[in-house]
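The structure that follows is given in the form of structure tokens.
Coordinate-derived values only; no laboratory data. The model shown is predicted, which means the values in this text are computed figures rather than measured ones. Using ideal geometry, Cβ is built from the backbone for each residue, glycine included, and neighbour counts are taken over all protein chains shown.
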Amino acid sequence: MGSLQLILVVFILLSYVPPARSGLNIYIRRMFDTCWLAKGVCREKCKEEEIYNIFCDTHFLCCISIKDMPTLFVK
């Protein structure tokens, strides 16, 4: 009877804990979060050798290497 009560208390406590993002999962998600046909990476700030072309989300930039940027042709 005591172990049944302990199991019920553990389940109640597990259901009470609010969901939170794990630190490791955030970094893994950002590492695989790509943009611009998988040539760019979504970051808060681009590196020196990168430029941004579009926004990934509301506060992330799509950082693209300069050599991967498309060339614009004008007539």
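What is the fewest-to-most order of Ile51, Ile64 by other Cβ atoms lying within 10 Å of their Cβ?
Ascending number of Cβ neighbours within 10 Å: Ile51, Ile64.
Which ordering of Thr34, Thr71 is given by a fewest-first count of other beta-carbon atoms within 10 Å?
Least to most surrounded, the residues fall as Thr71, Thr34.
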